[in-house]
Structure formats: C-alpha cells, structure tokens
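Chemist: Take this structure first; my questions come after.
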Amino acid sequence: MINATTNERLLDVKDLTIEIDTRRGPAVVVDGIDLYVNKGETLGVVGESGCGKSLTMLSLMRLLPNKIKVTKGSATFDGRDLRKMSNRDLRKVRGGDVGFVFQDPMTSLNPVMRIGDQICEPLIYHRKMSKADARARAVELLRLVGIPGPEERLMAYPHELSGGMRQRVMIAIGLACNPKLLIADEPTTALDVTIQAQIVDLVKDLRAKLGMSVVWITHDLALIAGLVDRVAVLYAGTVVEDAPVDELYARPSHPYTRGLLSSIPKLSDAPASRLSSIGGTPPEPGRRPKGCPFAPRCPLAEAICHERVPRLEPVSGNSAHRAACFVVQRMQEAA
Ligand SMILES: Nc1ncnc2c1ncn2[C@@H]1O[C@H](COP(=O)(O)OP(=O)(O)OP(=O)(O)O)[C@@H](O)[C@H]1O
Ligand SMILES: [Mg+2]
C-alpha cells in the first residue's frame, strides 16, 4: 500500500539553533536548521556523524543533555508551538503523539526493568490503560514488531535479548501509543543487513497500517531509498539540501549531496573500482568557518562561499527541492 501523504505540515522547524557550553565558551552545533514533515510523510534525515541529527530531534522533545540548549528558532507540531509548551503538556506529547526510537537501545532501555513494564509504562501514563489492557497491548506490539513468543518476552530484561530484538523493543515502545509522528534515530545501526532490511519493511508496513508520519535518521542513504518520501541532507548543523527522494537521487544539487551519493557503491560499478570519498573533515563545534560550512571541503567553492552563509533556495524553480549553495544558485541564474 502506498502511504497517503499530504501537504499539511505535521512538524515544522525553522531556524533552530543549538549551542553547547564548552570551556572555551558557547559553541554552535546546530545552526539554523529548517525542516518539515507533512502528515503521512516519511522524511529521511541524513548526514555524517556529529552533524547534529540526534540533537535536533532530542531538542524538539526537550531531551537535550545538560549544557546543551536551544538558543533560537521555532518548532511546531500539529499546530502547537513546542518551544512555548509547558513541561507538563510536552510530557503528554512525548511518548504519546510523538514516539521516539532512541539511537542506542542498550542505554535507552532501563536495564533493571522488565521489557513488559517498559512497554506498558507509556500506555498507562498516556492512554490511561489498566494494567491488564496495557499488558495485552504490549503483547500485541511485540508481535507486531516480529518478536517471537511475546508473552514470555514481556518478563525478560534487556540484557537477555539480542541487539536486533532490543531494537525491535525500542520500536515497539515508540509505537506504543499509536503516535502521529515516529522519530527513529538510526534504528538499525549495529544490526546486520538482513535485520536492517526487516526493520525497514516493518516500519513501512506499520506506517501504511497506522497512517503515521516518520522521521528516519541515518547516515545510510542507500538503506532509506525505498522507505522515505523526502530527504533532508544535513552538514555541520545545517540543512544543505532537501527534496523528494527520487528527485534527490536523480538531480542532487549541493556538492556535499553529490559527494555523498557518489560514495555509495552501485551494482554497475566495475568490481575493482575505487569508491570516491569527500576529502577533509567537518568543522568541530566552536570552529565553524566563516561562510558556507562546507566551503573548506568543497571542490566548487568560490570567494563568496568563504564569506557568506547560503540560504536554502528552490532548485530550478521547484520549491519542493531546495539547496543552500551559491554555486548552484549562480549556475541556475546563468542557465
Ligand atoms: N552530550 C554532549 N556533550 C558535548 N557535545 C555533544 C554532546 N552530544 C553531542 N555533542 C556534539 O554535538 C554535535 C552533534 O551531535 P549529534 O549527536 O546530534 O550528532 P549526530 O548527527 O546524531 O551524529 P551520529 O551520526 O554520530 O549519531 C557533535 O559535534 C557532538 O560531538
Ligand atoms: Mg546521532
């Protein structure tokens, strides 16, 4: 079944800026992120390690670690301003209308609490279910995410499960309250490829059944190709390009996206051909270059790129496909 997407915004994040307190003073780690998710849509968020994927999503749910804070920007969910919400109201959204699958199941699951109790907790808190109903729903959820023998598994502790099973439990917790939005942060890292593919299929299936929107965070562009409707590419705490997934693969515009895509091996590649990679490393927090953060690594950078920060602008007049790059913008004006 094809998921029905709409143009109605479910999540809308504008100019989100996050700073870390360091010994050398505040350092910007997320610098004016713009992204949105429409109702029923699946957005892939991709980018190298450390580019701010997790902090961006954690900040929306007010789950940032100590010494890290949002300093600017707006975020609305289902028409409500997340930044202005009281802690009490936000707790109702978190785990209720927004399900979160954290990046690391071993540290996010409570090691001394049985799996069943961890799944029942949001159901009792958010959906006011009785213990017996929550338990029945927990069994149903474990079955849904493909865990065999769910009744017995409810009694297990996290360390008694394999990595793949723990990740499925995290997904079950994220889905517990039938969220409008599921935020899955690298839900398949550290799993072998067959299990990764199973989890992708599982989320696709559930999305179609439940009609939810999904944000799927990953650094693996190839994995999400068949799953997402749109992709936002992050680099050093900013969105450098976003587009419908087919458009992004067919016409990547930003030099960073082009570099990312050309480092994915293709079946048509000669067996011994070398994979291309992007030279250099992303800037460290607090050491952002002036101008475009990608300019020091960019093969196309011009003088302006080292001076000014480019904004997301439509590519070829298509407002669904945007790129933040002076060179792309100049070449279009010239065409
Ligand atoms: N608790 C923390 N204390 C200090 N710095 C942090 C902390 N958490 C994240 N950072 C820094 O903030 C930046 C963004 O981190 P974030 O975890 O959002 O990256 P990410 O894109 O999710 O990376 P990954 O793909 O590795 O999960 C990184 O430079 C990271 O070093
Ligand atoms: Mg992360």
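Chemist: Which of the residues belonging to region 223-254 are within 16 Å of ligand 1 (Cβ to nearest atom) and without any contact (Cβ under 8 Å) to a residue 60 or more places away in the chain?
Modeler: Of everything in region 223-254, just one residue is within 16 Å of ligand 1 (Cβ to nearest atom) and without any contact (Cβ under 8 Å) to a residue 60 or more places away in the chain, namely 223.
Chemist: Would you check which residues across region 204-242 are of a type in the set (Lys, Arg) and touching a strand residue (DSSP E or B) at 6+ places or on another chain (Cβ under 7 Å) and list them?
Modeler: 207, 230
Chemist: Please go through region 85-129 and give me each residue that is modelled with pLDDT of 90 or more and of a type in the set (S, T, N, Q), ordered by number.
Modeler: Of everything in region 85-129, those that are modelled with pLDDT of 90 or more and of a type in the set (S, T, N, Q) turn out to be 86, 87, 110, 118.
Chemist: Could you list all residues from region 11-29 that are surrounded by fewer than 22 Cβ atoms within 10 Å (Cβ to Cβ) and more than 15 Å from ligand 1 (Cβ to nearest atom)?
Modeler: 12, 14, 15
Chemist: Search region 30-56 for residues being open to solvent by 20 Å² or more (accessible area, probe 1.4 Å) and within 16 Å of ligand 2 (Cβ to nearest atom), and hand back the single one that is nearest to the chain's Cα centre (by Cα).
Modeler: Within region 30-56, the match that is nearest to the chain's Cα centre (by Cα) is 54.
Chemist: Sticking with this one: Just the residues that are outside any loop (DSSP other than H, G, I, E, B) and in contact with a Phe, Trp or Tyr (Cβ under 9 Å, 6 or more places away or on another chain), please, taken from region 139-179.
Modeler: Within region 139-179, 170, 173, 174 meet the criteria.
Chemist: Quick one: in region 286-308, of everything that is touching a residue at least 24 places away in the same chain (Cβ under 8 Å) and aliphatic (A, V, I, L, M), which residue is surrounded by the most Cβ atoms within 10 Å (Cβ to Cβ)?
Modeler: Out of the qualifying residues, it is 301.
Conditions (1) away from ligand 1 (no atom under 11 Å from the Cβ); (2) among the small types (Gly, Ala, Ser), marked per residue:
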site: 53; (1), (2): no, no
site: 78; (1), (2): yes, no
site: 92; (1), (2): yes, no
site: 95; (1), (2): yes, yes
site: 104; (1), (2): no, no
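Chemist: Output the residue which, of all residues in region 310-325 that are within 12 Å of residue 239 (Cα to Cα) and among the aliphatic types (A, V, I, L, M), is surrounded by the fewest Cβ atoms within 10 Å (Cβ to Cβ).
Modeler: It comes out as 312.
Chemist: Does region 57-75 contain any residue that is buried (at least 20 other Cβ atoms within 10 Å of the Cβ) and either under 30 Å from residue 162 (Cβ atoms) or hydroxyl-bearing (Ser, Thr, Tyr) (or both)?
Modeler: Checked against the condition, which is being buried (at least 20 other Cβ atoms within 10 Å of the Cβ) and either under 30 Å from residue 162 (Cβ atoms) or hydroxyl-bearing (Ser, Thr, Tyr) (or both), region 57-75 yields at least one hit.
Chemist: Please work out which residue is surrounded by the most Cβ atoms within 10 Å (Cβ to Cβ), limiting yourself to region 173-199 and to residues that are acidic (Asp, Glu) and within 16 Å of ligand 2 (Cβ to nearest atom).
Modeler: Selected residue: 185.
The values are calculated or read from the model by the stated rules, or taken from the named source; none is laboratory data. The structure presented is a predicted model; accordingly, all values stated were derived computationally and were not measured. Please note: Cβ atoms are built from the backbone with ideal geometry, for glycine as well, and neighbour counts cover all protein chains shown. What goes into the accessible areas is simple: the full protein's heavy atoms, side chains included, and nothing from ligands, DNA or RNA. Shrake-Rupley method; radii C 1.70, N 1.55, O 1.52, S 1.80 Å.
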